[in-house]
Structure formats: structure tokens, C-alpha cells
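The values are calculated or read from the model by the stated rules, or taken from the named source; none is laboratory data. On a predicted model such as this, the values are computed, not experimentally measured, just so you know. Counting neighbours? That spans all protein chains shown, and the Cβs are built from the backbone with ideal geometry, glycine included.
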2 protein chains.
Amino acid sequence: MERYEEEEYLACCGSTQFAKEMVKASPFASVHEAVAAARDIWFNKVDVNGWLEAFSAHPQIGQSPSPNHPAAAAQWSKGEQSTALATATTSTLQELLDWNARYRHKFGFIFLICASGRSTAEILADLKKRYPNRPIVEFEIAAQEQMKVTELRLVKLFSSKIKSTSKGDQ
Amino acid sequence: MERYEEEEYLACCGSTQFAKEMVKASPFASVHEAVAAARDIWFNKVDVNGWLEAFSAHPQIGQSPSPNHPAAAAQWSKGEQSTALATATTSTLQELLDWNARYRHKFGFIFLICASGRSTAEILADLKKRYPNRPIVEFEIAAQEQMKVTELRLVKLFSSKIKSTSKGDQ
């Protein structure tokens, strides 16, 4: 049975309500059970203010996390963006920054995408495709992308704990 | 051609972005044209923060508007709730207040309904029916109710201006 702290769940998804509900729902018999609970909490219980809170905990795509992000979240975010950063040129990165600014101006929150394994060109294409959406439609898409990020991070959280426990090195 | 100030549009819908965009889109040849513009602005341009801002400009159903609401909005709100207040008993009003608090706790914003001509019992039944909704679903329903209120208020705004102009008494 796995049991984690509120802060560890907060590194998976930056909504305080999400983290508190995950602690309440734990312990989990497996990461699969944790992911199922996380989906239910995120889509059915966390309110729209909680969604906005979680979105604002992300660095902008193509930028480094700010120093007040939890260390685990910052490290994970870097890993998730590694393909994007490796495939970026100065001009695509600039274009991404410009479109990010347009997106944020229209929607009032940063462009959120599960960037894992995706190139800068793919991310940019998605941003341009999503930009014409109505704000409420885009709000829900961003929440779905957040859930994908949360799932990946829960898997990392659970596997890191198991590894460090079995090795006894932490 | 009708032209109104930002503050007058703000009394119809408490989102600053909405009011600014209405001024930009004006003058309007008729109230129908103004309503069409308002629908487009509200659903396609105002972001989710603007929706929350507009929601928070309403008094809770069954309560008086706070003193910092625009005078016109406060008066309109009273009129819109007149059927509800006339049909309320001490116990239904208390039940409404209790359910309002539950709703607000779950969704993070007040229960919004176009109350015009509706009794306390009808409003309470709607609140209970909407309460189980997912937060994002309820967010969009609340925005649709806000738009109904906005439409009624735009009609009042335009008719009051026309009346006072034709009578020359204001």
C-alpha cells in the first residue's frame, strides 16, 4: 500500500484541493488505483478555481520553471519538455513564445499540453490549432492535458518510491 | 443608433472585458443587434476569469445586492428576484440559503439562475437538480443563465434610454 504526502501530490498536479483529496483517498493498492482516484477527483470534484490554480503551477512551454515550484515538479517539467527543447531552433522557440503570449492573452491562462515526447513543431502546430477555440472549450481541453501530465507524474512518483524503498538508498 | 457607457454595460454583465468589448462594438442600430453582439462577446471572447468576475458581481439568490454593486444592477436584481421573494416562506428561504452555501462550497462560485418570474420552489428545485453536475458542466450552465440575465437587462437598458429620450424628462 502506497501513501504519499500532500506536497508529493501537489507536484503531480498543482491544485491544493486535488492534493488534499488524494491524501484523503489514500492509501492506494497500486498506481492504477491512484490514477483512477486522481481522474475522479480532477474531473468531478476540483472546481474551476482549482483548475486555474493547477494551470498556473506550470512553467510556460519552452521556459524554465520558476524557483517557487516544488523541486520534483520542476525536475519532471524539464524531463517532459526535453524532446521539445532538443528539437527547438532559435526561430521556432521564438515563435512558440509569441504564440504562448497570444494564447495567454486570449484565454487568461498558459497554454497547457502534455509535452512528453513531442517536438517543438508538433507543440506549435497544436497551439495554433487550439487557438481559435471558444474559451470554455479550451478550458476543458487544457484540463484534459493537465490530467495526462498528472498521470505520467503519478507513475513517476510511485515508481521512484518503490525503487528507493527496495534499494533502501533513500 | 444607441451608444452606452462601459458602466452601463457593466450593470448588465459584471465582466470588465464584456463591458469594454460592448463599447468597442457599439453603436447598435437596435437592441437586437446589441443582444447578438453581447452573445458573441460573452461566449467567444470573454475568458473564464471574466465569467467568474461576472458571476461574483451577483448577490446570492434570496439576498440583497451588496452596496458596491452598480445602482442599476442592484435595482434590476431586486426586480428579477421579486417573484421568488413574494413566494418565499421563512423555511423555503432558509433551505435556499443552505443549498446556496452547499453549491458555493462545491463549485467555488454562487448559484446563478435567471430568476425572473420564477418562484422560490422552482429555483430551489433547479438548484438541487444542478448540484450533482461536474464543475465544468455547471460552469457552462451558469454562463448560459448569466447570458439570459444580460439579455433581459440590455432590453431594460435600451428601453429606459429610449423612453427618457422621447419624454425628455431625464
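Here are a few things to note about the model shown:
- Unique match (being away from every other protein chain (no Cβ under 14 Å), in a loop (DSSP other than H, G, I, E, B) and either touching a strand residue (DSSP E or B) at 6+ places or on another chain (Cβ under 6 Å) or of a type outside the set (F, W, Y) (or both)) among B:A57, B:A37: B:A57
- Scan region A:55-92 for residues that are in contact with a Pro (Cβ under 9 Å, 6 or more places away or on another chain) and modelled with pLDDT under 80 and the total you get is 3.
- When each of B:I141, B:I136 is tested for being more than 10 Å from every other protein chain (Cβ to nearest Cβ) and assigned to a helix (DSSP H, G or I), the lone residue that passes is B:I141.
- Some residue of region B:80-94 being among the charged types (D, E, K, R) and either over 22 Å from B:K129 (Cα atoms) or loosely packed, with under 14 Cβ neighbours inside 10 Å (or both): no
- Taking region B:68-100 as the range and being over 19 Å from B:S119 (Cα atoms) and among the small types (G, A, S) as the test, the residues that pass are B:A71, B:A72, B:A73, B:A74.
- Pairing each residue of region A:3-14 that is over 13 Å from A:F158 (Cα atoms) with any residue that is among the aliphatic types (A, V, I, L, M) and assigned to a helix (DSSP H, G or I), provided the two are 6+ apart or on different chains, yields C-beta distances under 7 Å for A:E6/A:A19; A:E6/A:V23; A:L10/A:A19; A:C13/A:A54; A:G14/A:A54.
- Count of region B:95-109 residues which are surrounded by fewer than 17 Cβ atoms within 10 Å (Cβ to Cβ) and either more than 14 Å from every other protein chain (Cβ to nearest Cβ) or of a type in the set (V, I, T) (or both): 3
- Given (1) among the aliphatic types (A, V, I, L, M); (2) in contact (Cβ under 8 Å) with a residue 60 or more places away in the chain; (3) out of contact with any Phe, Trp or Tyr (no Cβ under 6 Å at 6 or more places or on another chain), number of the condition B:V48 does not satisfy: (3)
- Looking across region A:28-51, the residues that are within 22 Å of B:V137 (Cα to Cα) and crowded, with 20+ Cβ neighbours inside 10 Å come down to A:A38, A:I41, A:W42, A:V46, A:D47, A:V48, A:G50, A:W51.
- Residue within region B:125-132 that is in a helix (DSSP H, G or I), more than 14 Å from every other protein chain (Cβ to nearest Cβ) and touching a Lys or Arg at 6+ places or on another chain (Cβ under 7 Å) present: no
Residue-by-condition table, conditions (1) within 23 Å of A:E7 (Cα to Cα); (2) in contact with a helix residue (DSSP H, G or I) (Cβ under 8 Å, 6 or more places away or on another chain); (3) at pLDDT 95 or above:
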{"residue": "A:L97", "(1), (2), (3)": "no, no, no"}
{"residue": "A:F107", "(1), (2), (3)": "no, yes, yes"}
{"residue": "A:T120", "(1), (2), (3)": "no, yes, no"}
{"residue": "A:K129", "(1), (2), (3)": "no, no, yes"}
{"residue": "A:P135", "(1), (2), (3)": "no, yes, yes"}
{"residue": "A:A143", "(1), (2), (3)": "yes, yes, yes"}
{"residue": "A:V149", "(1), (2), (3)": "yes, yes, yes"}
{"residue": "A:R153", "(1), (2), (3)": "yes, yes, yes"}
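- Meets criteria (more than 13 Å from the chain's Cα centre (by Cα), hydrophobic (A, V, I, L, M, F, W, C), assigned to a helix (DSSP H, G or I) and closer than 20 Å to A:W99 by Cα) for A:A86: yes
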